[in-house]
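Coordinate-derived values only; no laboratory data. None of the values given here were measured: they were computed from a predicted structure. Neighbour counts are summed over all protein chains in view; Cβ atoms, including those assigned to glycine, are modelled from backbone coordinates with ideal geometry.
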Amino acid sequence: MSTSWHEPAPAVIAPLLQQTQQPWYWAARLAQISRAWNAAINTWRRGEGKVVLLWDGGDVALWRGVDGALRMVQRLCPRLHSLDLRRCRGLTNSSLAAVARACPELQWLKLSKCRSVTDKSIVVLAEHCPQLTNLNLCDCRRVSDVGVKAIARGCPRLERLNLSFCDRITGASLDALGRHCSRLASLKLWACSA
C-alpha cells in the first residue's frame, strides 16, 4: 500500500504520533493540514483517543493555556469518555461548560482541586453528560448543594462521587443522591459539613 503525505492512511498516523512526546498536540496540528489529514486523525482518535489528561504545566496545557487546550478537546474529541483536569488552576466555568456540551459521552471526569469551578458549570455538566459514572470534585470548594443536586438528577448512572473538602455540601445533596443515583457505590465526603 502506497501512502501519500497529501492523503495519509489512518494506519500511518498511530506510529507517527507514538513517536512524539505530545501526541494530542501533534494530532491537532496535523488535522489542520487538509481534509484528508483531518479524516485520518479522526480515525486515530476514535481508536486511540479515549482519555485526555490536562494539567497546568502539562504538554497540552502549555500550548495555549488550559482554555485553549480545552477548545482543542472540544473540536477533536466529541466522543471523549474520560477527562482528567485535576489541579487546572486556569480552568474556567465557561470552558468546562463548553466541553460538557461538546462531549456528551463523557463518563469519567476528574476535577479535584479545580477551585474556580462553581455550580454554574456543574449544572451544565449534569444537563449534557447523562452517562457520567465517575466524578471527582474533591476540593472544589465553590460547588454547593445546587451543583450536587443537578448531578444527582442529571446523572443517574453515577457510580463514584468524591465530594471531599467541599464544605458547602449539606444533607440536601445526600438526599438527592440517594433519591436519584441508585448505582452509587462510592461516595467520599472527607472534611464535608454534610
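Pop the C-beta distance of GLU127 and ASP167 into the FRET formula with R0 = 25 Å and round what comes out to the nearest 0.05.
In this case the efficiency is close to 0.50.
At ARG75 and ARG89, where each label point lies 7 Å from the Cα along Cα→Cβ, what is the point-to-point distance in nanometres?
The answer from the label model is 2.7 nm.
Kindly identify region 83-159 as rounded, prolate or oblate by the Cα gyration tensor criterion: order the square roots of the eigenvalues as a ≥ b ≥ c, call it rounded if a/c is under 1.5, otherwise compare a/b with b/c, prolate if a/b is larger, else oblate.
Here region 83-159 falls in the rounded category.
Evaluate the distance, in nm, between pseudo-label points positioned 7 Å from the Cα of LYS120 and of ALA39 along their respective Cα→Cβ axes.
That separation, rounded to one decimal, is 4.1 nm.
Does region 125-190 come out rounded, prolate or oblate, given a ≥ b ≥ c as the square roots of the eigenvalues of its C-alpha gyration tensor, rounded meaning a/c under 1.5 and, failing that, prolate meaning a/b above b/c?
rounded
Based on Cβ point charges of +1 for Lys and Arg and -1 for Asp and Glu, what charge dipole magnitude is obtained for region 118-165 about its Cα centre, in debye rounded to the nearest 20?
Charge dipole of region 118-165: 20 debye, to the nearest 20.
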